[in-house]
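Written out below as structure tokens is the structure these notes cover.
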Amino acid sequence: MKPEIAICLNVRRCLVRLALVAALCVAVLPAWADDDDAGGAKFSPEAAATFGKRCTACHTYGKGIKVGPDLKGVNQRRKRDWLLKFIQGSSRVIKSGDPTALQLFAEFKQQRMPDWTDLSEKQVNDILDYIDIGGPDIKPADERNAELASPGEIEFGRRLFSGDERLRYGSLACSSCHSIHGLSLGGRLGPDLTTTYYKFQDRALTEFLRHPCFQWKNAGDGTRYLAARESFALKAFLRHAALGQEVRADVAPQRSDRKNTVTPASNNNREAITRRPTAGKGDTP
């Protein structure tokens, strides 16, 4: 075999392997839902709520058979028009002699699916779209770990905190009441939040940002405070501020009690962010 041909074949094999790895990575990555991020998973909240109230009583998503079949991949197994007819009136489809409907009816011990006649075609399509993009596996964007934030997301959080960027639902900027070390603007009504990420850690801080201290009168319809994308960006900025404080503390001189000389702070402080306990339910930043 000529060297040129051998090189081409090796390159082709490498490209095929890379394509397979990329496909596998996409398959296992979680979808992140957001209400204002064009890159996030888009779905109808009503469809998600309907799925939770009606479908999960008899079906699972990716966890096997329950009363009825697992709904993960149902859009690939069945045609959309068939699913529409079956969901809205399974009894009619079974009585019509449809072979797929009869097979399912026999396989699941003649447990017939309810006729959801009150659901419009659009509502059913929204539910199927929700299932198709990940269904219950979709995670809110603010549940991402803050350490995964990009520099752009951290900067977006800084702008939200300082009020340079308006919060989507009209809430007051964090700096109206709180301050961050190194930020030129900041209020004193609430505590300094420079090391808040230490206190709460990622998960607890996510929950706190979903349920703030005060319900502002100008917070839109009163039911929303932060968009998921905003919540994640603020959490990322607070983590960035906490890490910056650690670095400053690490390089700042400290006076030794024993020798009365100046010594640097311990490098162990840098690891504190991964060791500090989560705050209790009654704690506030």
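The values are calculated or read from the model by the stated rules, or taken from the named source; none is laboratory data. Just so we're clear, the structure is a prediction, and the values are computed from it rather than from any experiment. Quick reminder, even Gly has a Cβ in these numbers, built from the backbone with ideal geometry, and neighbours come from all protein chains shown.
The figures follow:
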quantity	calculated
Odd one out for PRO285, checked against (1) in the same structural domain as LEU148 (by TED's automatic domain parsing); (2) at pLDDT below 75	(1)
Single condition GLU153 does not satisfy, out of (1) assigned to a loop (DSSP other than H, G, I, E, B); (2) of a type in the set (Asp, Glu); (3) in contact with a helix residue (DSSP H, G or I) (Cβ under 6 Å, 6 or more places away or on another chain)	(1)
Helices (runs of 4 or more DSSP H) lying entirely in the range 39-135 (those with 1 or more residues that are over 26 Å from the mean Cα position of the chain (by Cα) and of a type in the set (D, E, K, R))	74-77, 80-88, 90-95, 99-107, 121-132
Residue that is surrounded by fewer than 17 Cβ atoms within 10 Å (Cβ to Cβ) and under 30 Å from LEU226 (Cβ atoms), where the choices are ILE127, ILE65, ILE138, ILE133	ILE133
Test: LEU226 is farther than 19 Å from GLU147 by Cα, at pLDDT 50 or above, hydrophobic (A, V, I, L, M, F, W, C) and assigned by TED's automatic domain parsing to the domain that holds SER150	yes
Residue within the range 179-186 that is at pLDDT 90 or above and either assigned to a loop (DSSP other than H, G, I, E, B) or surrounded by 22 or more Cβ atoms within 10 Å (Cβ to Cβ) (or both) present	yes
Cβ-Cβ under 6 Å pairs, at least 6 apart or on other chains, the range 134-152 side basic (Lys, Arg), far side buried (at least 19 other Cβ atoms within 10 Å of the Cβ)	LYS139/TRP32; ARG144/PHE232
